[in-house]
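Some notes on the structure that comes next.
The values are calculated or read from the model by the stated rules, or taken from the named source; none is laboratory data. Being a predicted model, the structure only gives us computed values, none of them experimental. Cβ atoms come from the backbone with ideal geometry, glycine included; neighbour counts cover every protein chain shown. For accessibility, only protein heavy atoms count, side chains too; no ligands or nucleic acids. Shrake-Rupley method; radii C 1.70, N 1.55, O 1.52, S 1.80 Å.
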Amino acid sequence: MEDFYAIRRLPPYVFAQVKELVAEAEAAGRDVIDLSMGSPDLGAPEIVTETLREAVLRKSCHRYSESKGIKRLRQAQADYYARRFGVKLDPDTEVVHTLGSKNAFANLAFAMTAPGDVILAPNPSYPIHMFGFVMVGGVVRPIPVKADDGVFRAAERALKYCVPRPIAMVLNYPANPTAEVATLDFYKEAVAFAKKHGIFLLSDLAYAEIYFGEPTPSILQVPGAKDVAVEFTSASKSFSMAGWRAGFAVGNPRLIAALTRVKAYLDYGSFEPIQEACAVALDNAEAITAEVRAAYRSRLDVLLDACEDAGWSLPRPEASMFAWAEIPAGQGDDALAFCKRLVREAGVALSPGTGFGEAGEGHVRIALVQDEDRLREAARRIGTVLRGEKAKAA
Ligand SMILES: Cc1ncc(COP(=O)(O)O)c(C=O)c1O
């Protein structure tokens, strides 16, 4: 029997193949250092968990909540945007709370896409940027990841030759998996381009707060951006709350209304104590994110130094919680094969670049999701594989 429509459009997750090997190795009693998923291990700050604890004891919080998020939370997100980016948002028409930003992205894709509609999305990219649309019958045309003129040249070609014309362009800076960053000037060009061509911009700002140089800009800082752009943010990375499932979409009122309408059919919002705790996280974003950044920065320094010692020079990312690197010389260019070897021979799991699209071939992504000692040990073990020795996993 033929697979269902959506299933036919979803290739098996490349990451699952690495995860299977990790599970096998662990079942055999081996220690595996898993740096594959971008799942923050720092844990939510105490002020947030305490708010959750108090709210959970109030039985009035146990009913269905509001799908679009309680007003207190939407207001906290609007206040955060005002403080952090100088962007004014109407919490009633320009902010919606979602069950994570991945969910927000997928539901907006569902709300705005008809079968055959064309979307421009970077390759390599976080899978939902492509498959959110593909799943509902959309067609994705790749654009480059680097935030420069190349993006607009590729988009211009697509607008000239694609029938039907593309309806939207996905932007994701700081980028997963490449850690590419964008400037406000780039966003200015993107907004002007979108207005000129009558397309929407979908900006995934999940890594807004994880930067090591200049603070990451928001596309909504561009005057008039709300006419064409919507932006996604997440408590997962900024506040180390990935398991809580709390995110937002903000910006263009038409897109926010469409997402809110679809969501109202699909969910009742997060458990209300989670929303209350998330509002407290936003109220304290400056202090919380300063600590998160400091943790990732020192982990990054440790990883880069230890990999250098192991004979593998990684480029230094300016933002995100990832290092993105070419497979070391002499190790072939098959990312999945290299990652499988690292699990088998070194007990270290990385993400193969091809999990993010074919343009990721020859690359791997390393997530800073373990403490410094474990990162040092991971690099040591990788070094033994690069030198052709078998690593002794603890
Ligand atoms: C670019 C990007 N967007 C969104 C997400 C998912 O965020 P959330 O946990 O809010 O769904 C991730 C998670 O890795 C990501 O890398």
**Study point:** Filtered residues of region 130-152 (kept if assigned to a loop (DSSP other than H, G, I, E, B) and either open to solvent by less than 40 Å² (accessible area, probe 1.4 Å) or within 15 Å of the ligand (Cβ to nearest atom) (or both))
**Key:** Val136, Gly137, Gly138, Val145, Ala147
Revision key, fill the gap. Exactly one of Ala249, Ala179 is at positive phi, within 16 Å of the ligand (Cβ to nearest atom) and not in a helix (DSSP H, G or I), and that residue is Ala179
Exercise for review: Among the candidates Ser36, Ser101, single out the residue that is within 16 Å of the ligand (Cβ to nearest atom), more than 30 Å from Arg344 (Cβ to Cβ), among the small types (Gly, Ala, Ser) and in contact with a strand residue (DSSP E or B) (Cβ under 7 Å, 6 or more places away or on another chain).
Suggested key: Ser101
**Study point:** Residue list for region 341-394, restricted to those being touching a residue at least 40 places away in the same chain (Cβ under 8 Å), open to solvent by 40 Å² or more (accessible area, probe 1.4 Å) and under 21 Å from Met130 (Cα atoms)
**Key:** Glu358, Ala359, His363
**Study point:** Search result, residues across region 137-179 that are among the aliphatic types (A, V, I, L, M) and modelled with pLDDT under 95
**Key:** Val163
Practice item. Sort through Ala323, Ala329, Ala277, Ala281 and tell me the only one that's outside any loop (DSSP other than H, G, I, E, B) and farther than 30 Å from Ser67 by Cα. Key: Ala323
Practice item. Determine, yes or no, whether Glu66 is at pLDDT 95 or above, under 16 Å from Val280 (Cα atoms) and open to solvent by 60 Å² or more (accessible area, probe 1.4 Å). Key: no
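Table: residues versus (1) under 19 Å from Val230 (Cα atoms); (2) surrounded by 23 or more Cβ atoms within 10 Å (Cβ to Cβ); (3) free of Cβ contacts under 8 Å to residues at least 12 places away in the same chain; (4) not aromatic (Phe, Trp, Tyr).
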position	(1), (2), (3), (4)
Ile128	yes, no, no, yes
Ala154	no, no, no, yes
Tyr161	no, no, yes, no
Ala175	yes, yes, no, yes
Asp185	yes, no, yes, yes
